[in-house]
Amino acid sequence: MNKRENFGSRLALVLAMAGSAIGLGNIWRFPYLVGQNGGAAFVIIYIVSCFVLVLPIFMAESIIGRRTRLSTFGAIKKLAPGSPWKWIGLLTVITPLLILGYYSVVGGWSVDYLWKACTLRLTHNTAGLFPGFISSVWEPLIAFTIFLVATAVIILLGVKNGIEKFTKICMPALFVLIVGIVIYGLTLPGSMEGVIYLVKPDFSKIDAGVVAAAMGQAFFSMSLGMGAILTYASYAPENENILSSGVGTTLADLGFALLAGFAIMPAVFSAGIQPGEGPGLVFDTLPYIFSQMPSWIGAILGIVFFLTILMAALTSSISMLEVGVAYLQEEKGIGRVKGTIIITLIAWVLGIFCSLSFGPLAGVKIFGLSIFDCIDKLCSDWLLPLGGLLFTLFVGWYMSKADVRDEFTNHGTANVGVFSVIYFLMRYIAPVGIVVVFITNLVL
Ligand code: TRP
């Protein structure tokens, strides 16, 4: 077997984890969910979920990964030999494939829109552009394939030369780009209404559905529940303080989601568009806004904006692919190149169906949902929370408290004071929170 690679430094680890966390979930999903769920009240519940629900699960995955230095399947097998817990491993082989397929379809949209922006097609009349585009056959398929191949190329380069180098360049660039967009957005007339929408809560809007949506989004956004964080933590440098990388990633992800909200909502309000419009919000409304500006500003902003989305999406999709590749490498002895090709091909086939489900396959319904929506819902409402639940139960109830404490505190040298708080959250609060999400999803 090949010698196992590690990240070169703690900065590299945090950037890679933040890269996985920050993605389409922040820029594409978060703003439209805020819009659909009543603005600031949703944002507040989201922030609370990040720390009470998500951070403990993040810690659970980090503990398993760093303790064993193996990817999910092997890690669970090593910690719980011969027990039924090994089925968590199976879940973390299936979920990444499903997610990678449909996530790459949306990644493909950002490739296509970047191309449109570069060829100045976003500065003209854009009415109906998005629905027309996603329901066509070839253009989204080609863009999706380009996105998936780009993901595979980075993974082929390896942990240090691929993931580490790419995220080190992209993450600072992303931050600069999004701050630039926020500042520009705030100068637009009428943009203050968007800011108020994001900061002034109307608590009458909160119901069980809003709470469940906020928790589910926090989960998806932090890449939890399928072993992506676990796998990255298994490449952590020896002396890494896993609590600080967890808190760092949570703050970065949360901060970026809020920045994306402040980049998008003021512009949406300024253009007089409804914030609750749904998944098309980013792809439909921003080009409209760009087309209203003096054409050279619109052109530059369009390129910057879709480049930002594309980079964020790629630093996330590589983490999904890495989970499967690490599994094949460690458990099946399949080399990195072959493993990457196998997983990419399976995700490609799945993604083709997802992409076509906006056009020729729109009539195919599973439980009343299109193929794309069905996989999206299956993963974010069920499989990821289920994975997260099993990870916290595993660390909170199966592993011995002494082992958990030893790993969490770096053998008693760090984080000793907060251990009992996080342990309590892992054992009780996070599992109960997830079960509440499940019940709400079932009832609604
Ligand atoms: N967190 C990423 C986003 O917000 C998506 C993502 C990457 C993900 N890896 C994951 C989601 C693993 C769930 C599980 O775009």
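Quick check, is residue 38 away from the ligand (no atom under 16 Å from the Cβ) and within 24 Å of residue 317 (Cβ to Cβ)?
Working: away from the ligand (no atom under 16 Å from the Cβ): yes; within 24 Å of residue 317 (Cβ to Cβ): no.
The answer is no for residue 38.
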Checklist outcome for this item: A careful count of residues in segment 80-127 that are of a type in the set (A, V, I, L, M, F, W, C), open to solvent by less than 10 Å² (accessible area, probe 1.4 Å) and not in a helix (DSSP H, G or I) gives 2
Next on the checklist: Residues that are within 13 Å of the ligand (Cβ to nearest atom) and more than 25 Å from residue 9 (Cβ to Cβ): does segment 229-240 have at least one?
Outcome noted: no
Next on the checklist: Residue under question is residue 350, and the condition is that it be at pLDDT 95 or above, of a type outside the set (S, T, N, Q) and farther than 30 Å from residue 146 by Cα; does it hold?
Outcome noted: no
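Taking the options 210, 282, name whichever one is within 15 Å of the ligand (Cβ to nearest atom) and open to solvent by less than 20 Å² (accessible area, probe 1.4 Å). Explain how you work it out, then say what you get.
Values: 210 fails: within 15 Å of the ligand (Cβ to nearest atom).
From the options 210, 282, the qualifying one is 282.
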Checklist entry - For segment 388-401, does any single residue satisfy the condition of being open to solvent by 20 Å² or more (accessible area, probe 1.4 Å) and either modelled with pLDDT under 90 or among the basic types (Lys, Arg) (or both)? => result yes
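The values are calculated or read from the model by the stated rules, or taken from the named source; none is laboratory data. Please read these numbers as outputs of a predicted model, since none were measured by experiment. Reconstructed Cβ throughout: ideal geometry from the backbone, glycine too, with neighbour counts over all protein chains shown. Ligands, DNA and RNA are stripped out before the accessible areas are found, and what is left, the full protein with its side chains, is counted by its heavy atoms. Shrake-Rupley method; radii C 1.70, N 1.55, O 1.52, S 1.80 Å.
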